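The values are calculated or read from the model by the stated rules, or taken from the named source; none is laboratory data. Computed from a prediction, not measured in an experiment: that's the story for all the values here. A quick note on method: Cβ atoms are made from the backbone with ideal geometry, for glycine too, and the neighbour counts reach across all protein chains shown.
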Amino acid sequence: MAAPMNGKWKLNTSDNFDGYMKALGVNMAMRKMGNLAKPTLTVEVDEGNFYYKSESTFKTLELRAKVNEEFDEVTPDGRKVKTIFTWEGKTLKQTQKWDGKVSTIERFVDDNGDFINVCTMEDQVCKRVYKR
């Protein structure tokens, strides 16, 4: 189930990323940089472990986690959250909780072979499509 996600991916399209970041409380300057970034992702995932590296001209982020184990994370915009990754079928779901708020990022490979990230915060949904 996880093998199709593994590899390098380049951002192709992004819909409503600004709305998602705004709902998270990201300031305007960081949102502008985030909207301009066209990251390349390196993903290594199996049933129990997740590795994610996002590289752009603005920032490089790395994350290692065990699936089904909650941990403390500091997000790129500085939020201190409790994060957990869980499998829901072929979708790897990341749930972040802080200050009574919840955000999710669902990652999966679609029927076209694209790596999809669906980010949700309150009523804001962002879809980012990555290609090999």
Discussion item. Which residue is nearest to A37 (Cα to Cα), if the candidates are limited to the range 115-132 and must be buried (at least 19 other Cβ atoms within 10 Å of the Cβ) and over 10 Å from the mean Cα position of the chain (by Cα)?
Written reply: Y130
Worksheet item: If only one of K90, K80, K66 is on the phi < 0 side of the Ramachandran plot, touching a residue at least 60 places away in the same chain (Cβ under 8 Å) and loosely packed, with under 14 Cβ neighbours inside 10 Å, which one is it?
Response: K90
Worksheet item: For the range 9-49, how many residues are touching a Leu at 6+ places or on another chain (Cβ under 7 Å), part of a strand (DSSP E or B) and at pLDDT 95 or above?
Response: 1
Discussion item. Going by what's in this entry, would T57 be described as in a strand (DSSP E or B) and either over 19 Å from F115 (Cα atoms) or in contact with a Phe, Trp or Tyr (Cβ under 9 Å, 6 or more places away or on another chain) (or both)?
Written reply: no
Worksheet item: Within the range 99-113, which residues are surrounded by 16 or more Cβ atoms within 10 Å (Cβ to Cβ) and more than 19 Å from N49 (Cβ to Cβ)?
Response: S103
Discussion item. Can you tell me which residue is farthest from L92 (Cα to Cα) among those in the range 34-57 that are surrounded by 15 or more Cβ atoms within 10 Å (Cβ to Cβ) and hydrophobic (A, V, I, L, M, F, W, C)?
Written reply: A37
Worksheet item: Within the set of pairs 6 or more residues apart or between chains, which connect a residue that is more than 21 Å from N12 (Cβ to Cβ) inside the range 120-132 to a residue that is crowded, with 16+ Cβ neighbours inside 10 Å and not aliphatic (A, V, I, L, M) with Cβ atoms less than 6 Å apart?
Response: M121/Y20; M121/S103
